[in-house]
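Working notes, beginning with the structure itself.
What follows draws every value from the coordinates through simple rules; no lab data is involved. What you are looking at is a predicted structure, and each value in this text was computed from that prediction instead of being measured. Neighbour counts are summed over all protein chains in view; Cβ atoms, including those assigned to glycine, are modelled from backbone coordinates with ideal geometry.
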Amino acid sequence: MKIFAVNGSPRKQGSTAAVINEMVRMALDAGHHVDRHDVYDLNISGCRGCMGCKHGDSCVIDDDMTQIYLEMKEADIIILGSPIYMGAETGPFKMFIDRTYALLDFSKDKGKK
């Protein structure tokens, strides 16, 4: 099984990271493959709202999300964690989430057999 995990906290030793790290440890102990990232270590630009991802086959922005998309598409399980600051997730984690828009499929034939 492939697992994808992202820590949205700036604190690599904080509570959010501790929870994610424990899940990752259990998955590795069970023999699963894990791709784990700290969003604050990634080079991720904000979504431009250009809709290029809907006219092509991927996001037009060339940054660390290019590899992240591949890992997320292959994952059987996705683990996301972020502390809550001022009633919302961290800013860089929000940019990460916004960029996953490129993975959504709005085709008219989706779900039809």
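What percent do you get for the relative contact order of the chain when only Cα pairs under 8 Å and 6+ apart count?
On the way: 143 pairs, mean separation 42.1, N = 113.
Value for the chain: 37 percent.
A simple charge model with +1 on the Cβ of Lys and Arg, -1 on the Cβ of Asp and Glu and nothing else charged puts the dipole of the chain at about 400 debye relative to its Cα centre.
Seen from C59, the other residues with C-beta closer than 12 Å to its C-beta sum to a net charge of -2, counting Lys and Arg as +1 and Asp and Glu as -1. Let me confirm the definition first: pairs of Lys residues in region 2-103, 8 or more apart or on different chains, C-alpha distance under 22 Å. How many are there? Here the count comes out as 5.
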